[in-house]
Amino acid sequence: SAVSSLDIMTYLWYPDNVGRLILERAVEAAKRGVHVRMIVDDLLTTGQDQYFIELENHPNIEFRLFNPWSSRGNLAARGAEMIAEMERLNSRMHDKLIIVDGRAAVIGGRNIGDHYFGLNEDYNFHDLDLLGFGHIASQCNAMFDHFWNSEWVVSAMFLPGEEDDEFAKESWNTIQQKNRSAEALNSIGIKVADWSSELEAITGQLRIGTSVVAYDATSAEKLDQSMFGTMFAFLDRAQSELLVTNAYVIPSQNAIDWMQRLDDRGVDVRILTNSLASNDVPAVNSHYEIWRDDLLDAGVQLYELRADPAIKSIVNIPPTEGDFVGLHTKSAVVDRRWSFVGSMNFDPRSARINTEMGVFVDSPELAEDLARVMLRDMQGENAWQVLLDEDGDPYWVNSDETVTSQPARDGTQRIMNVIMKVVPREQN
């Protein structure tokens, strides 16, 4: 529906069904005169350079890469480069943002790929976005422009290679053909549609509020990792209730002590994160599990997503049926007044290595809406509640059963959970 501009920044953009469809829509917008700008983190873009060059050479598209590799297309060379420049190349842009016409913005943790949109046959993520209009979009414009003009971002015009009209034509035809033959996209709709009725229906769901868009900024020499402090200053506002849904939780003793202080002042703290069974990153669970007892002792009501939750029916988009559901949401509600939605996990990588972003909203109505979703996800049909027995050992309870070992999909996952303990905590 964009008329004048479309800005997209993302950590991951996969060349799968969803990735191709969103790319096609963006190019179609450019063809009708919309100015399209894209920023993609360069971590996993091997072999895509010619596509980036063709996009950059479209008259209405500008394409830039965050923290690009010097080595292009050679995995062995990239491995050597990573060893030589670990500190720089380990820092990635984890932000996700879409802005339309400078007036509407989508903010959250969702990358562009099938398993973030319910279209992957292996597993799909339960994720969350916030759609905002007005001043929030102006704040997002400022953030996007900051990254767009950052010394960490490089235009695709500087990539090695030249424009190839024949490659562009063949690639465009292939993208369109694959999109039209993809059965997984049938439920979404492959043809360009008139979304007027859907947009009109959203009007009744909008909530009035004020917002602050926060993000880790960049400078010539380093990344300004301020998001972590901003996040916990926000959470520390809680006087009666704090609800947190976060995919990857690896606390520290300081975080445990802080949660204990919340409990001491009477704050009801509930946290939903991934179980081993629902986790797509074994190393995260390996470092999270040692803190379970401490979280519970600090008064936290702790929940872990089931791999087979009842909400699987709304995570998967027919006809796709993923084998399991993982949690990818990053959200919080404070005292049913303030809400947070963004990209930031509660782990060392988000705190000290990657750039992160999110929006803090003051709106009791929005907070109630978000709290309702979060509490639904914590119910027994969707999550395990972790409790301690009389001996201080954890056990897991859901609507169907009680178990004394952490839920896992299979024995291989349990083995990987042990092996991945060797991965440094700071890299998760």
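The values are calculated or read from the model by the stated rules, or taken from the named source; none is laboratory data. What you see is a predicted model, and the numbers here were worked out from it, not measured in a lab. When we count neighbours, we look across all protein chains shown, and the Cβ atoms used for this are built from the backbone with ideal geometry, even at glycine. What goes into the accessible areas is simple: the full protein's heavy atoms, side chains included, and nothing from ligands, DNA or RNA. Shrake-Rupley method; radii C 1.70, N 1.55, O 1.52, S 1.80 Å.
For the chain, give the magnitude of the charge dipole about the Cα centre (Cβ charges: +1 Lys/Arg, -1 Asp/Glu; no others), in debye to the nearest 20. Charge dipole, the chain, about its Cα centre: 580 debye, nearest 20.
The percentage of C-alpha pairs in the stretch 98-256 whose separation is greater than 20 Å is 72%. Would you mind classifying the stretch 162-218 by shape? Square roots of the alpha carbon gyration tensor eigenvalues, ordered a ≥ b ≥ c; an a/c under 1.5 is rounded, otherwise it is prolate if a/b is larger than b/c and oblate if not. It is oblate, given that a/c is not under 1.5 and a/b is not larger than b/c. Using a probe radius of 1.4 angstrom, the carbon and sulfur fraction of the accessible surface of the chain is 53%.
Return the subset of K31/K169; K222/K330; K96/K330; K96/K421 for which the Cα-Cα distance in this structure is over 22 Å, preserving the input order. Going by Cα-Cα distance, K222/K330; K96/K421 fall outside the 22 Å limit. Taken as Cα centroids, the stretch 297-366 and the stretch 159-221 sit 22 Å apart, rounded to the nearest whole angstrom.
The modelled label-to-label distance for the pair I208/D122, using points 7 Å beyond Cα in the direction of Cβ, is 4.8 nm. Accessible surface computed residue by residue for the chain, with neighbouring protein chains in place and a 1.4 Å probe, gives 44 Å² per residue.
In the chain, the convex hull through the Cα atoms has an average projected area of 21.0 nm², a quarter of its surface area. Under 1.5 on a/c is rounded, so check that first for the stretch 111-192, then, if it is not, pick prolate when a/b is larger than b/c and oblate when it is not; a ≥ b ≥ c are the square roots of the alpha carbon gyration tensor eigenvalues. Oblate shape, in that a/c is at least 1.5 and b/c is the bigger or equal ratio. Expressed in units of 2.2 N^0.38 Å, where N is the residue count, the Cα radius of gyration of the stretch 233-319 is 1.21. Once the Cα atoms are used to define both axes, helix 165-181 deviates from the longest principal axis of the chain by about 50 degrees. Per-residue surface analysis assigns Y123 an accessible area of about 50 Å², computed on protein heavy atoms at 1.4 Å probe radius. A simple packing score, the average count of other Cβ atoms within 10 Å per residue, orders the peptides 170-182, 278-290, 199-211 as 278-290, 170-182, 199-211, with the highest score first. Each peptide in 113-119, 29-35, 347-353 receives the mean, over its residues, of other Cβ atoms within 10 Å, and ordering these scores from highest gives 113-119, 347-353, 29-35.
With an 8 Å Cα cut-off and a minimum separation of 6 or more residues, compute the relative contact order for the chain in percent. It would help to have the intermediate numbers written out before the result.
Details: 857 pairs, mean separation 76.8, N = 428.
Relative contact order of the chain: 18 percent.
Computed from Cα positions, the angle between helix 135-148 and the longest principal axis of the chain comes to roughly 70 degrees. When you count the other C-beta atoms within 10 angstrom of each residue and take the mean per peptide, 356-364, 131-139, 404-412 line up highest first as 356-364, 131-139, 404-412. Against the chain, whose longest principal axis is taken from its Cα atoms, helix 364-377 shows a tilt of about 70°.
Dividing the Cα radius of gyration by the Kirkwood radius, what Rg/Rh value follows for the stretch 168-293? Don't skip to the answer; put the middle values down first.
Details: Rg = 22.2 Å, Rh = 20.0 Å.
My calculation of the ratio gives 1.11.
Averaging the Cα positions of each part gives two centres, and for the stretch 390-409 and the stretch 1-69 these lie 45 Å apart. Once you treat every alpha carbon in the stretch 65-132 as an equal point and sum by Debye, what is log10 I(q)/I(0) at q = 0.15, 0.20, 0.22, 0.27 Å⁻¹? Calculated log10 I(q)/I(0) at the listed q: -0.75, -0.91, -0.94, -1.06.
From the square roots a ≥ b ≥ c of the eigenvalues of the alpha-carbon gyration tensor of the stretch 13-163, which class results: rounded (a/c under 1.5), prolate (a/b over b/c), or oblate? Present the calculation step by step, with values, prior to reporting the outcome.
Numbers: a/c = 1.44, a/b = 1.29, b/c = 1.12.
Rounded, since a/c falls under 1.5.
For the stretch 273-428, the relative contact order works out to 31 percent when only alpha carbon pairs closer than 8 Å and six or more residues apart are counted.
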